[in-house]
Amino acid sequence: MVLRKKDITTLDDGTWLNDEVINFCVNCLIRTAKHRIHAFNSHFFASLTGAAGISFKYEKVQRWTRKIDILDFDYLVIPIHQAPNHWSVADVKPLIITMDNRDARGRMNRYIFSALSQYIAAEVRSKQGIQVGTTDILWKHSRRVPAPEKQNNYDCGVFALLNLE
């Protein structure tokens, strides 16, 4: 993965990270991890939920995992861009079916959990033939790494990545 000059400029103070920087950082973090991790790119969640982010479209992302089974991984990492300029990262543990969503503002987003729960249920049904209801999926909000609360409206991408580490 290559970052261009326009991507690097999103690292300047007072700017929001773009999707290429988020994807690059996520990939760097998972390369050094001790667990088996599959990282989706920052376009996955938008494809799953549609352009307006209000629908569930499993058929739009089903091909993203045609060569893998998400249950073979310890974690799934899903960067989530929420309009207009907010980032969070979902950390999904499919074997335990626990989802952590770490928002730099320290808030839980029930819509994100709902969409990801539907995705996990659909994926397990598709690959394993096992019926898993969304109510069988535990939602958990936690921060593994203590990180300070952000003090502005533009550092959410940095804080989301810090909490992923």
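The values are calculated or read from the model by the stated rules, or taken from the named source; none is laboratory data. Note that the structure is predicted; figures quoted are calculated from it, not measured. Neighbour counts are summed over all protein chains in view; Cβ atoms, including those assigned to glycine, are modelled from backbone coordinates with ideal geometry. Each accessible area value is taken on the protein alone, full model and side chains, heavy atoms only, with ligands, DNA and RNA left out. Shrake-Rupley method; radii C 1.70, N 1.55, O 1.52, S 1.80 Å.
Okay, here's what the table says:
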item: Heavy atoms of His81 accessible to a 1.4 Å probe, total area in Å² rounded to 10; result: 80 Å²
item: Segment 2-83 shape via C-alpha gyration tensor axes, a/c threshold 1.5; result: oblate
item: Among 60-73, 18-31, the order from most to least packed when residues are scored by Cβ within 10 Å on average; result: 18-31, 60-73
item: Projected label distance in nm at Leu3 and Arg63, using a 7 Å step from Cα toward the beta-carbon; result: 3.0 nm
item: Of all accessible heavy-atom area on segment 1-78, the percent that carbon and sulfur account for (1.4 Å); result: 53 percent
